[in-house]
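A.B. asks: Once you've had a glance at the structure underneath, I'll fire off some questions.
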Amino acid sequence: MTTRPIPVVTGNLQRNRGRKVAVIGSGSWGTTFAKVLADAGCDTTIWARRHEVAQEIQVARRNSQYLPGINLPRTLHATADLAEALKGKSLVFLAVPSQTLRQNLLDLEPYLDRRTVLVSLVKGVERTTTMRMSEVIVDTLDLEPHRVGAVSGPNIALEIAKEQPTGGVAACADAAVAQEIATACSAPYFRGYVSTDVIGTELGGVLKNLIALAIGIVDGVGYGENTKAAIITRGLAEMTEFAVASGADPTSLSGLSGLGDLIATCQSPLSRNNTAGRLIGQGYTQEETREQMSQVAEGITSVPSVLELARERGISMPIVEQVQMVLDRRMPPKDLGPHLATENDVPQPELSLSGEPQGRLRRFWDRLVGE
């Protein structure tokens, strides 16, 4: 079955009429995605952990802490009551920190309908198990694959909240469910695409955070565009090798959830991971960096888990290894740039995929390596 993203026509107000959806989590991305769903015509409820946040969204149509200056749709409902948020919802989008997702799932389990589809918006890996978020959902709630999905892409929250055009990939093992998810979030300024490659879609969102940390670090040091371009390019190679070894389709990493998200996260000053890396590159510790940021930089929490998985799969990830060394203060930030390509001085091929892609995929990667 193809995993090539298939565009879903925007302006689905009629198709989404009566579709009841919920977003769990009221941070910048959760609130933004709730706005997208409401603007796409869905009957949307957002759940906030704190009552005062839910009240501000419901009454003032604002979330001043996470989306200052953004007016939210009058059709968007907000509550701090999980039972109210989940009642009758066909799609539930999860926008909570990766390390709290399992507990959040246990909290919402009593209120879920047996037909509800759960969709991860979270770009992280669970530290204790090294599971992707869809795997955490299946493991915690024992759901069938067709009831679990993920949405990922170049999704800088504030830009989307300002209705600047972009898109994302909705992935599910069941293509029809992926189509349903993509339709639900296809607003006039947000275009949904579908894929059946959940692994590649999720890993693109996870791995690009680690490369964005590296970009932020060298930016904080003061290195220029050549260094950043080298890290982005070599970072994409590391991402692709890791993802393919994990069972992903390599084409997913060249799409919105891979390359698209990588570009946005590495270049935007609004990126949490880029910002965290820049502070660390300027000499701040992890603790000092956390104090200056009001939200979690998922990349920092994902680095150890990704490296553990890479070792299990026999994948070399020198950039990510060096990011971990900088985070652990075993390497000065200024030393990250010169060690981009290999673990030693012997020149190596640009890209080496485990598992031989056939036909057009093989020719695609041959051309990519040859350029």
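A.B. asks: For Arg127, indicate whether it is closer than 24 Å to Gly27 by Cβ, open to solvent by 10 Å² or more (accessible area, probe 1.4 Å), in contact with a Pro (Cβ under 9 Å, 6 or more places away or on another chain) and assigned to a loop (DSSP other than H, G, I, E, B). So that I can check it myself, show each step before the final result.
C.D. replies: Values: closer than 24 Å to Gly27 by Cβ: yes; open to solvent by 10 Å² or more (accessible area, probe 1.4 Å): yes; in contact with a Pro (Cβ under 9 Å, 6 or more places away or on another chain): yes; assigned to a loop (DSSP other than H, G, I, E, B): yes.
Considered against the rule, which asks whether it is closer than 24 Å to Gly27 by Cβ, open to solvent by 10 Å² or more (accessible area, probe 1.4 Å), in contact with a Pro (Cβ under 9 Å, 6 or more places away or on another chain) and assigned to a loop (DSSP other than H, G, I, E, B), Arg127 comes out as yes.
A.B. asks: Working only within segment 205-237, note down all residues that are under 11 Å from the mean Cα position of the chain (by Cα) and within 16 Å of Ser268 (Cβ to Cβ). Give the steps one after another, and end with the answer.
C.D. replies: Initial filter on segment 205-237 (under 11 Å from the mean Cα position of the chain (by Cα)): 205-209.
Within segment 205-237, Gly205, Lys208, Asn209 meet the criteria.
A.B. asks: Please go through segment 118-135 and pick out each residue that is within 25 Å of Val21 (Cα to Cα) and more than 15 Å from the chain's Cα centre (by Cα).
C.D. replies: Leu118
A.B. asks: Same structure, new question: List pairs: first residue in segment 15-32 and touching a residue at least 60 places away in the same chain (Cβ under 8 Å) and within 14 Å of Gly88 (Cα to Cα), second residue crowded, with 24+ Cβ neighbours inside 10 Å and of a type in the set (Ser, Thr, Tyr) anywhere in the structure, Cβ distance under 6 angstrom, at least six positions apart or on different chains.
C.D. replies: The qualifying pairs are Val21/Thr44; Ala22/Thr45.
A.B. asks: Which residue pairs have Cβ atoms under 6 Å apart, sit 6 or more places apart or on different chains, and have a first residue in segment 296-325 that is more than 23 Å from Ala157 (Cβ to Cβ) and a second that is in a loop (DSSP other than H, G, I, E, B) and basic (Lys, Arg)?
C.D. replies: Ser305/Arg127
A.B. asks: What number goes with the only condition from (1) open to solvent by less than 30 Å² (accessible area, probe 1.4 Å); (2) modelled with pLDDT of 95 or more; (3) not in a helix (DSSP H, G or I) that Gln164 does not pass?
C.D. replies: That leaves (1) as the condition not met.
Here's the yes/no breakdown for (1) in contact with a Leu (Cβ under 9 Å, 6 or more places away or on another chain); (2) modelled with pLDDT of 95 or more:
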position: Val59; (1), (2): no, yes
position: Pro73; (1), (2): no, yes
position: His77; (1), (2): no, yes
position: Tyr111; (1), (2): yes, yes
position: Arg114; (1), (2): no, no
position: Val138; (1), (2): no, yes
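A.B. asks: I'd like to check something: does segment 170-191 contain any residue that is modelled with pLDDT of 95 or more, open to solvent by 10 Å² or more (accessible area, probe 1.4 Å), aromatic (Phe, Trp, Tyr) and within 15 Å of Leu256 (Cα to Cα)?
C.D. replies: no
A.B. asks: Go through segment 123-137 and give me each residue that's in contact with a strand residue (DSSP E or B) (Cβ under 7 Å, 6 or more places away or on another chain) and among the small types (Gly, Ala, Ser).
C.D. replies: Once the filter is applied, which keeps residues that are in contact with a strand residue (DSSP E or B) (Cβ under 7 Å, 6 or more places away or on another chain) and among the small types (Gly, Ala, Ser), segment 123-137 yields only Ser134.
A.B. asks: Could you run through segment 103-124 and say how many residues are assigned to a helix (DSSP H, G or I) and either in contact (Cβ under 8 Å) with a residue 40 or more places away in the chain or open to solvent by 10 Å² or more (accessible area, probe 1.4 Å) (or both)? Even if it seems obvious, please write down each step before you answer.
C.D. replies: Narrowing segment 103-124 to residues assigned to a helix (DSSP H, G or I): 103-111.
Restricting the remaining residues to those that are either in contact (Cβ under 8 Å) with a residue 40 or more places away in the chain or open to solvent by 10 Å² or more (accessible area, probe 1.4 Å) (or both) gives 103-104, 106-111.
So the answer is 8.
A.B. asks: Criterion first (touching a Ser or Thr at 6+ places or on another chain (Cβ under 7 Å), surrounded by fewer than 24 Cβ atoms within 10 Å (Cβ to Cβ) and within 25 Å of Val136 (Cβ to Cβ)) does Glu241 satisfy it?
C.D. replies: Details: touching a Ser or Thr at 6+ places or on another chain (Cβ under 7 Å): yes; surrounded by fewer than 24 Cβ atoms within 10 Å (Cβ to Cβ): yes; within 25 Å of Val136 (Cβ to Cβ): yes.
Yes; evaluated as a whole, the condition is true for this residue.
A.B. asks: Considering segment 263-313 alone, what residues qualify as being of a type in the set (A, V, I, L, M) and either open to solvent by 10 Å² or more (accessible area, probe 1.4 Å) or more than 19 Å from Arg234 (Cβ to Cβ) (or both)? Steps first, answer last, please.
C.D. replies: Looking only at segment 263-313, we keep the residues that are of a type in the set (A, V, I, L, M), and these are 263-264, 270, 276, 279-280, 293, 296-297, 300, 303, 306-307, 309-310.
Within segment 263-313, Ile263, Ala264, Leu270, Ala276, Leu279, Ile280, Met293, Val296, Ala297, Ile300, Leu309 qualify.
A.B. asks: Is it fair to say Leu253 is open to solvent by less than 30 Å² (accessible area, probe 1.4 Å), without any contact (Cβ under 8 Å) to a residue 60 or more places away in the chain, under 18 Å from Arg132 (Cβ atoms) and of a type in the set (A, V, I, L, M)? Can you show your working first?
C.D. replies: Working: open to solvent by less than 30 Å² (accessible area, probe 1.4 Å): yes; without any contact (Cβ under 8 Å) to a residue 60 or more places away in the chain: yes; under 18 Å from Arg132 (Cβ atoms): yes; of a type in the set (A, V, I, L, M): yes.
Yes.
A.B. asks: Grab the helices (runs of 4 or more DSSP H) fully contained in segment 11-102, keeping just those with 1 or more residues being within 22 Å of the chain's Cα centre (by Cα).
C.D. replies: Working: elements: 28-39, 51-55, 82-86.
Output list reads 28-39.
The values are calculated or read from the model by the stated rules, or taken from the named source; none is laboratory data. These numbers come from a predicted model, not from an experiment. All Cβ positions, even for glycine, are placed from backbone atoms using ideal geometry, and neighbour counts span all protein chains on display. For accessibility, only protein heavy atoms count, side chains too; no ligands or nucleic acids. Shrake-Rupley method; radii C 1.70, N 1.55, O 1.52, S 1.80 Å.
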